[in-house]
1. Within the set of pairs 6 or more residues apart or between chains, which connect a residue that is more than 24 Å from Met33 (Cα to Cα) inside the stretch 74-103 to a residue that is near ligand 2 (Cβ under 8 Å from one of its atoms) and small (Gly, Ala, Ser) with Cβ atoms less than 6 Å apart?
2. Being out of contact with any strand residue (DSSP E or B) (no Cβ under 8 Å at 6 or more places or on another chain) and either part of a loop (DSSP other than H, G, I, E, B) or within 16 Å of ligand 2 (Cβ to nearest atom) (or both) is the filter; apply it to the stretch 23-66 and report the residue that is nearest to Lys7 (Cα to Cα).
3. Do we find a residue being surrounded by 13 or more Cβ atoms within 10 Å (Cβ to Cβ) and more than 16 Å from ligand 1 (Cβ to nearest atom) anywhere in the stretch 23-32?
4. Filter the stretch 86-110 down to the residues that are charged (D, E, K, R) and over 19 Å from Lys24 (Cα atoms) and list them by number.
5. Is it the case that the stretch 60-67 has a residue that's among the β-branched types (Val, Ile, Thr) and under 9 Å from the mean Cα position of the chain (by Cα)?
6. Can you pull out every residue in the stretch 5-22 that is away from ligand 1 (no atom under 11 Å from the Cβ), part of a loop (DSSP other than H, G, I, E, B) and not aliphatic (A, V, I, L, M)?
7. Can you name every residue in the stretch 85-112 that is in a helix (DSSP H, G or I) and either more than 7 Å from ligand 2 (Cβ to nearest atom) or within 17 Å of Leu75 (Cβ to Cβ) (or both)?
8. Please determine, by comparing only the residues of the stretch 1-22 that are among the aliphatic types (A, V, I, L, M) and in contact with a helix residue (DSSP H, G or I) (Cβ under 9 Å, 6 or more places away or on another chain), which one is farthest from ligand 2 (Cβ to nearest atom).
Amino acid sequence: MSGAAIKTVCSLCRKSFTTTGMRKVCPVCDNNMEDYFQAIKEFIRENPGTSVAVVCSALNIPPALVKYYLRQERLELVGGDSFLKCIKCQKSISSGRYCKQCESVALRAEMSGTLMDSSDEKHMQKEVTLFHTKRTLGKKK
Ligand SMILES: [Zn+2]
Ligand SMILES: [Zn+2]
């Protein structure tokens with residue numbers, strides 16, 4: 001038995017593709033994503049304290065992709081910035097999808113089956129990379 005194929009739009013390249021799961025990324029992007037991630041990691045290692053904007057223009061990747069890794073907690077922002085927000089209360093967070101307060105509530109909800117792409121994430125181990133965003137560079141004393 002197989003799930004019904006549905007048409008959806010890739011959240012990275014905006015092309016439509018057919019999926020049988022809850023995937024949000026098309027197979028092409030999915031394929032490239034590990035490469036992108038390695039490139040981002042490499043870039044951050046060579047340019048500590050870089051910003052999202054710099055990484056995106058240097059590697060020619062959309063900010064949505066950086067956000068995707070942040071949501072997966074594979075990258076982490078340094079310093080409070082509004083680049084990434086809690087999907088529930090819109091508070092600034094450094095990685096993941098929820099702020100600390102919403103997390104416990106959200107996790108309980110996910111346990112009951114509302115989590116969307118956990119199957120995508122389970123084969124990826126958590127790799128947190130320190131990451132500065134634009135606003136933290138002009139640091140105030
Ligand atoms: Zn795509
Ligand atoms: Zn929140």
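Read-outs throughout are calculated quantities, based only on the coordinates presented, and are distinct from any laboratory measurement. As the structure is a computational prediction, the values presented were derived from the model and not from experiment. Glycine also receives a Cβ, built like all others from the backbone with ideal geometry; neighbour counts cover every protein chain displayed.
1. Correct list of pairs: empty, since none qualify.
2. Checked the stretch 23-66; the qualifying residue nearest to Lys7 (Cα to Cα) is Val25.
3. No, the conditions are met nowhere in the stretch 23-32.
4. The answer is Lys88, Lys91, Lys100, Glu103, Arg108.
5. Yes; the residues of the stretch 60-67 include at least one that is among the β-branched types (Val, Ile, Thr) and under 9 Å from the mean Cα position of the chain (by Cα).
6. Thr20, Gly21
7. Of everything in the stretch 85-112, those that are in a helix (DSSP H, G or I) and either more than 7 Å from ligand 2 (Cβ to nearest atom) or within 17 Å of Leu75 (Cβ to Cβ) (or both) turn out to be Lys100, Glu103, Ser104, Val105, Ala106, Leu107, Arg108, Ala109, Glu110, Met111, Ser112.
8. So the residue we want is Leu12.
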